[in-house]
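Visitor: Have a look at this one.
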Amino acid sequence: GDLNIGNAGNLSALVQLINGNLGIGTDSPTRNLVINGGSGNSILALQNDSTGQTSTDGFQAQLIGTDVYLYNYDTGFISFGTSNEQRMRITSEGGVLIGKTTTDLDTIGFRFDGITGDVGRCFSSILNTGGTYYVRDTTNALYRFYVTGAGQIHATSTSITAISDITLKENIKPLETG
């Protein structure tokens, strides 16, 4: 039959059903593992000897009301992967890497800087032979601007302006349409 472990009047503190489902705080778990915080919060904590064992150590998945939080309380990163490969990383500084595992600008992928350094910077590193960076107008289904890996700039108009001092530049060439 089922296994029930209770404490001080709570007969369903831990329940394992005959079908293998395990419930904490519920007597009818509908999945392999269900944590029910009742009217409070449901928090799953993963900790080890490197993280410590307090409420602000390790990794936590939290359900607070209807909001979900994933926290790494220590100075490590959080990684997301598919097909046995890391695909995205949130650094301990709050930056985001997509398609790369390092902040090095010479590796292919996207880098969005977080809370340290130059906040808000975005880098896209592409191959010279085939990568292209696009800006697309989804309302009109047009590419408005793109830069090829070879450095060619394409725009739907030549009204590109800058706020720099032209007198400080060398080898100035006129912008060509095309």
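The values are calculated or read from the model by the stated rules, or taken from the named source; none is laboratory data. The model shown is predicted, which means the values in this text are computed figures rather than measured ones. A quick note on method: Cβ atoms are made from the backbone with ideal geometry, for glycine too, and the neighbour counts reach across all protein chains shown.
Visitor: Which ranges mark the strands (runs of 3 or more DSSP E) fully within the range 24-91 that have 2 or more residues being over 16 Å from the mean Cα position of the chain (by Cα)?
Guide: Once the strands (runs of 3 or more DSSP E) in the range 24-91 are filtered for at least 2 residues that are over 16 Å from the mean Cα position of the chain (by Cα), what remains is 33-35, 42-46, 59-64.
Visitor: Mind counting the residues in the range 41-66 that are among the charged types (D, E, K, R) and without any contact (Cβ under 8 Å) to a residue 12 or more places away in the chain?
Guide: Going through the range 41-66 one residue at a time, the tally reaches 1.
Visitor: T116: at pLDDT 90 or above and within 30 Å of L46 (Cα to Cα), yes or no? Give the derivation first.
Guide: Values: at pLDDT 90 or above: no; within 30 Å of L46 (Cα to Cα): yes.
No.
Visitor: Quick test for you: out of T139, T102, pick the one residue that is under 22 Å from the mean Cα position of the chain (by Cα), polar (S, T, N, Q) and modelled with pLDDT of 80 or more.
Guide: Of the residues listed, the single one that is under 22 Å from the mean Cα position of the chain (by Cα), polar (S, T, N, Q) and modelled with pLDDT of 80 or more is T102.
Visitor: Look through S39, S79 and report the one residue that is within 24 Å of D113 (Cα to Cα), surrounded by fewer than 15 Cβ atoms within 10 Å (Cβ to Cβ) and either modelled with pLDDT under 85 or out of contact with any Gly (no Cβ under 9 Å at 6 or more places or on another chain) (or both).
Guide: Testing whether each residue is within 24 Å of D113 (Cα to Cα), surrounded by fewer than 15 Cβ atoms within 10 Å (Cβ to Cβ) and either modelled with pLDDT under 85 or out of contact with any Gly (no Cβ under 9 Å at 6 or more places or on another chain) (or both) leaves just S79.
Visitor: Further question: Only residues that are more than 16 Å from G120 (Cα to Cα) and touching a strand residue (DSSP E or B) at 6+ places or on another chain (Cβ under 6 Å): list them for the range 80-106, please.
Guide: F80, G81, Q86, R87, M88, R89, G99, K100, T101
Visitor: Of the residues that make up the range 8-16, is at least one assigned to a loop (DSSP other than H, G, I, E, B) and modelled with pLDDT under 90? Write out each step before concluding.
Guide: Here is the first cut: in the range 8-16, the residues assigned to a loop (DSSP other than H, G, I, E, B) are 8-9.
Checking the rest, the ones that are also modelled with pLDDT under 90 come to 8-9.
Within the range 8-16, one or more residues are assigned to a loop (DSSP other than H, G, I, E, B) and modelled with pLDDT under 90.
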